[in-house]
Amino acid sequence: MNHFQYKNGQLFCEDIAVSDIAKEVGTPFYLYSKATLMRHFEAFDSGFKDVDHLTCFAVKSCSNIGILALFGELGGGADIVSGGELFRALKAGISPQRIIYSGVGKTEEELHYGLESGILLFNVESEQELQRLNRVAGDMGVTAPVAFRVNPDVDPKTHAYISTGLAKNKFGIPINEAFDLYVQAAEMANVEVQGVSCHIGSQLTLIAPFVETLRKLKVLVERLANQGIRIKYLDLGGGVGITYDDETPPHPLEYAEAIKEELSGLDVTLIFEPGRVIVGNAGILVTEVQYTKVNRGGEKEKNFVVVDAGMNDLARPSLYDAYHGIQTVKENNGPRQVVDVVGPICETSDFIAKDREFPMVEQGELLAVLSVGAYGFTMSSNYNTRPRVAEVMVSGRQFAIIRERESLESLIQGETIPKFVEK
């Protein structure tokens, strides 16, 4: 459940009318509900309150430091995939001992940064990364805490682009090769084996792939124990889905019960990397209708609603053909028509919705694109030299701008017109 509801014909975020925020901030902008963020974090985290665990929010899904700081205050950590995300997590006040570092392409500089910061775990994804990490740690005179991200070859039954646990995916180490690599790591001077990690994909709507994965990981953990390699942390990743349209994902408590039931006999601290399930339905994108138009040149009329938010602001529909619900900010129960809701970007792929039955709207009306809290702003860009939009958080009757809208001047910061001098 989220805190975006109609009251007296106007869409509210908690106790503030969305249109009132738009008057002060301008459009487009991302709008987050603090109450929803807290509710969703606690709904996930509370399912594991009776077992040792750490909930590390997936920074890539929504990386604003205002939101990261909130989760840190609730006891959460951070799952990061770059040096930039490490910087953000630390700036948000998250303890490095609550930070885990995944990603297939960590540079030497990023490994050094993680070691220097004293993070909890590196989720290593290849033999070469292990060797590099051991060398960097040796040069620094420290020991690197290591888990291996294991690829269990489990089909998560999700979109191909967000599936990460199949043998054909780039992520992790094949589970049938992981044991030998653990033995190799245990003999290295500057790494300490502490965990097993796995993340099979995003937007999962079934529990069965999680359970199948955990069963495979248990076999590996027990085999390592017989080899004298004790696993302290078991990182089960994230991936629990949300409802965008007609999906029926498991409730976080249902997911928790299934995991705990399967865990019997394992003495480990669990780590989770939820992202979308916490922030997805906690954010909307507010945009203004610029024009409505009808193209009559084809076999049938085509209706367009042109808004000021484009694929640079919200990439998911263009990238994944993803569905996002759209509502009018002023409640509209009038006549409906089938439209494409499109943006101003010079690409045919710039759309928010295609062939969507929608109330007839007029120039200047505000629309709310739903369920954009995850992979909304974080995937935005400056394509077509468009400033990235503002981010706003509401708490009760108050709101705060947690990211200022970029200016035109900021778009050329660091650029120069070269002046070549012959020597």
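Here, each number is a calculation from the coordinates, and none is a lab measurement. This is a predicted model, so every value here is computed, not measured. Cβ: placed from backbone, ideal geometry, glycine included. Neighbour counts: every protein chain shown.
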Trypsin sites (Lys or Arg not before Pro) lying in DSSP loop within the stretch 25-121, provided at most 10 other Cβ fall within 10 Å
Lys49
Using square roots of five times the C-alpha gyration tensor eigenvalues, list the equivalent-ellipsoid semi-axes of the stretch 1-156 in whole Å, biggest first.
37, 18, 14
Net charge near Ser82 (other residues with Cβ under 13 Å of its Cβ; Lys, Arg +1; Asp, Glu -1) is -1
Can you list the HN-Hα couplings for the stretch 222-239, worked out from phi with the Karplus curve (6.51, -1.76, 1.60; θ = phi - 60°), rounded to whole Hz and with x for Gly and Pro?
5, 5, 5, 4, 5, 8, x, 9, 7, 9, 8, 10, 10, 9, 9, x, x, x
Mean separation of Cα pairs under 8 Å and 6+ residues apart, divided by the residue count of the stretch 34-276: what relative contact order is that in percent?
20
Counting only DSSP beta bridges with both residues in the chain, tell me the antiparallel percent, nearest 5.
50
Estimated vicinal HN-Hα couplings, Hz - the stretch 107-121 in sequence order (Karplus 6.51, -1.76, 1.60; Gly, Pro = x):
7, 4, 5, 5, 4, 4, 4, x, 5, 4, 7, x, 5, 5, 8
Return a whole-number percent for the relative contact order of the chain, with Cα pairs under 8 Å and 6 or more residues apart as the contact set.
18
I need Lys354, Lys7, Lys218, Lys419 ordered by Cβ neighbour count within 10 Å, fewest first.
Lys419, Lys7, Lys354, Lys218
Using DSSP, restrict attention to beta bridges with both residues in the stretch 34-276 and report what percent are antiparallel, rounded to the nearest 5.
5
For Phe57, list long-range residues whose amide hydrogen, built 1.01 Å from N in the peptide plane, is under 5 Å from its own amide hydrogen.
Gly77, Ala78, Asp79
Per the Kirkwood formula on distinct C-alpha pairs, the Rh of the stretch 34-276 is how many angstrom?
17.9
Measure out, as a whole number of angstrom, how far apart the alpha-carbon centroids of the stretch 98-160 and the stretch 203-278 sit.
20
Taking just the alpha carbons, could you work out the radius of gyration and Dmax for the chain, both in angstroms?
23.3, 74
Ala144's amide H: which non-local residues (gap 5+, or another chain) put their own amide H closer than 5 Å, with H modeled 1.01 Å from N in plane and none for Pro or chain starts?
Val191, Glu192
Tell me the mean residue ellipticity at 222 nm calculated for the chain from its helices only (DSSP H runs of n ≥ 4, each -39500 (n - 2.57), averaged over every residue, nearest 500).
-8000 deg cm²/dmol
Rounded tilt (10° steps) of 127-140 against the dominant C-alpha axis of the chain
80
Quick check on the stretch 209-368: of the DSSP beta bridges with both residues there, what percent are antiparallel, nearest 5%?
75
Karplus (6.51, -1.76, 1.60) ³J(HN,Hα), θ = phi - 60°, over the stretch 53-59, in Hz, Gly and Pro reported as x:
7, 9, 9, 9, 4, 6, 4
Can you give the relative contact order of the stretch 172-330 as a percent, counting alpha carbon pairs under 8 Å and 6+ residues apart?
20
Listing Val240, Val211 by rising number of other beta-carbon atoms within 10 angstrom, fewest first, gives Val211, Val240
